[in-house]
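Here's the structure we're looking at; comments come further down.
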Amino acid sequence: MNFASIRDALQQGIYKVINPFVRLLIKVGFTPNAVTLTGLLLNIGVAIVFIIGGEEGNRGDLRYVGWAGALILFAGLFDMLDGQVARLGNMKSDYGAMFDSVLDRYSELFTFLGICYYLVAHHYLVGSLFAFIALIGSMMVSYTRARAEGLGVESKGGLMQRPERVVLLGVSALACGIGSAFLGGDYKLFVPGIPFHVFETMSIFTFPITVLAVLSNITAVSRLLQAKHGFEVKARLAAPPTVSSNTPDNGPGQKRTATAVLALALLCGSLTPAVAAAPAGTPFPVPSGITNQLFYLQRDPNTNTVIYQLNVNSTGKLDEDEPINVFWIRYAEQGEKKDLNFIQRKFAYGLSAKKLATDKYELKFAAYDKVRFFLMRSPADKAFHVYATIANKQIVLERVYLRIEGGTFWVPNVKYIEFKGWNAATREPVVERVNV
């Protein structure tokens, strides 16, 4: 299990704990923006506690640090609450997402303002220097992601994202305040032969700040390198693939335009992580136990499967902005469920949806627009299904399969696309192939 999966598991666990409180906030009329604003006000309170501690406290009185740490953790809770209020209350909006990001930056700046003021006021000069460096790293972690995504490339992840920064600051400050009650605020540890102390009570707070300073900047640089790779891939996608002049011509299906070749290459998984190819004749698994599954996509050279699922909230209401949720079941990797990465979502397996009428959406694959797909509620069973008209038949899709035989990494030899489902008029099973 990697760091990302552990982090996601912890986050989902926290969501289960706070969801009852989230529903209470929704019931009393709290909006996501109101929750975000509350978090900002609490972080301003963090800065005020540190500043008061810097002015009225003394170097050995670390109670202010402890109280500020508790308030950091409490304010950090609202960073999670606003997103959940938006999701569970079906109140997501583009402006709300931007409002949240901007106020999160203000919250972090106010927190570091208070920390730096306190450390400078009590002459922790080395600690204050690392606090400033941590502030720089924290801002650059957020900026690199925002700038990369503004240019159309995904750049996220790393060891020191905002939740980790909030927890590290809050826990270390709280531990410092509590530790001072047992060790004393002015405790110092000396090692024989070293002319200065190697530890003092305040180190419980300043050492994690030093770690934060290092790891946040490493995270920012790693996101920069991730974005560089994304831009290189994007540039390759923009350039038409070249086919050798001595490639044999196998008929009309082999004479594709550069755009069609690229689209099919993407749809067939050229940009998925490398895994062992499935041996010839290996049966493909049939996904099961997935709530609201619409259809799934499989293709050579492995059994990894893309699931297309109806996106509904806890009350069963369809998300009109993003009606379909797309994710992997990576059967070739112990059946792990995994989100699509940015490239896969934007250029390969992702679906865009355009609302045409109540309960009717036109869908387009990111990499294939030769067949029109529609998400509609069936008058027969009152459930949503995905429809496609192929060979003058309206098919309710259950499976899409792409057959690949040889070719190259960027120009795979796609023989056909197979659509499996049932006839919407007669409800008889249907399998139709579209030659490429």
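The values are calculated or read from the model by the stated rules, or taken from the named source; none is laboratory data. Computed from a prediction, not measured in an experiment: that's the story for all the values here. All Cβ positions, glycine included, derive from the backbone under ideal geometry; neighbour counts span all protein chains shown.
Structure summary
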quantity: Among (1) farther than 15 Å from ASN311 by Cβ; (2) out of contact with any Gly (no Cβ under 9 Å at 6 or more places or on another chain) - the single one PHE342 does not satisfy; calculated: (2)
quantity: Which numbered condition SER314 misses (of (1) outside any strand (DSSP E or B); (2) in contact with a helix residue (DSSP H, G or I) (Cβ under 7 Å, 6 or more places away or on another chain); (3) surrounded by 14 or more Cβ atoms within 10 Å (Cβ to Cβ); (4) not aromatic (Phe, Trp, Tyr)); calculated: (3)
quantity: Pairs with Cβ under 7 Å, 6+ apart, first in the range 413-428 and assigned by TED's automatic domain parsing to the domain that holds ARG299, second at pLDDT below 85 and not in a strand (DSSP E or B); calculated: VAL414/LEU264; VAL414/CYS268; VAL414/VAL436; LYS415/VAL436; TYR416/VAL436; ILE417/VAL436
quantity: Subset of the range 123-138 [free of Cβ contacts under 8 Å to residues at least 24 places away in the same chain and touching a Cys at 6+ places or on another chain (Cβ under 9 Å)]; calculated: SER128, PHE132
quantity: Among residues of the range 27-50, those that are over 17 Å from ALA97 (Cα atoms) and either of a type outside the set (A, V, I, L, M, F, W, C) or crowded, with 18+ Cβ neighbours inside 10 Å (or both), counted; calculated: 9
quantity: The range 390-425: number of residues that are modelled with pLDDT of 90 or more and hydroxyl-bearing (Ser, Thr, Tyr); calculated: 1
quantity: Options ILE51, ILE14; residue that is in the same structural domain as THR206 (by TED's automatic domain parsing), under 30 Å from LYS338 (Cβ atoms) and not small (Gly, Ala, Ser); calculated: ILE14
quantity: Cβ pairs under 7 Å, 6+ apart, first in the range 201-221 and assigned by TED's automatic domain parsing to the domain that holds ALA175 and buried (at least 17 other Cβ atoms within 10 Å of the Cβ), second in a helix (DSSP H, G or I) and among the charged types (D, E, K, R); calculated: LEU212/ARG165; SER216/ARG165
quantity: Test: ALA332 is within 25 Å of VAL286 (Cβ to Cβ), part of a loop (DSSP other than H, G, I, E, B) and in the same structural domain as ILE417 (by TED's automatic domain parsing); calculated: no
quantity: Test: residue in the range 308-326 that is of a type in the set (Phe, Trp, Tyr), outside the structural domain of LEU151 (by TED's automatic domain parsing) and within 14 Å of the chain's Cα centre (by Cα); calculated: no
quantity: Members of the range 86-123 that are among the aliphatic types (A, V, I, L, M) and within 19 Å of THR144 (Cβ to Cβ); calculated: ALA97, MET98, VAL102, LEU109
quantity: Residue check, PHE365 under 16 Å from ARG399 (Cα atoms) and outside the structural domain of GLY230 (by TED's automatic domain parsing); calculated: yes
quantity: ILE6 vs. criteria within 20 Å of LYS156 (Cα to Cα) and either free of Cβ contacts under 8 Å to residues at least 24 places away in the same chain or not assigned by TED's automatic domain parsing to the domain that holds GLY179 (or both); calculated: yes
quantity: Verdict on THR315 being in contact with a strand residue (DSSP E or B) (Cβ under 7 Å, 6 or more places away or on another chain) and over 20 Å from ASP369 (Cβ atoms); calculated: no
quantity: Residue in the range 114-122 that is surrounded by fewer than 16 Cβ atoms within 10 Å (Cβ to Cβ) and within 20 Å of GLU164 (Cβ to Cβ) present; calculated: no
quantity: Unique match (being exposed (fewer than 14 other Cβ atoms within 10 Å of the Cβ) and farther than 30 Å from LEU103 by Cβ) among LEU189, LEU183, LEU151; calculated: LEU189
quantity: Condition met for ASP79 (within 17 Å of ALA173 (Cβ to Cβ), under 17 Å from the mean Cα position of the chain (by Cα) and in contact (Cβ under 8 Å) with a residue 40 or more places away in the chain); calculated: yes
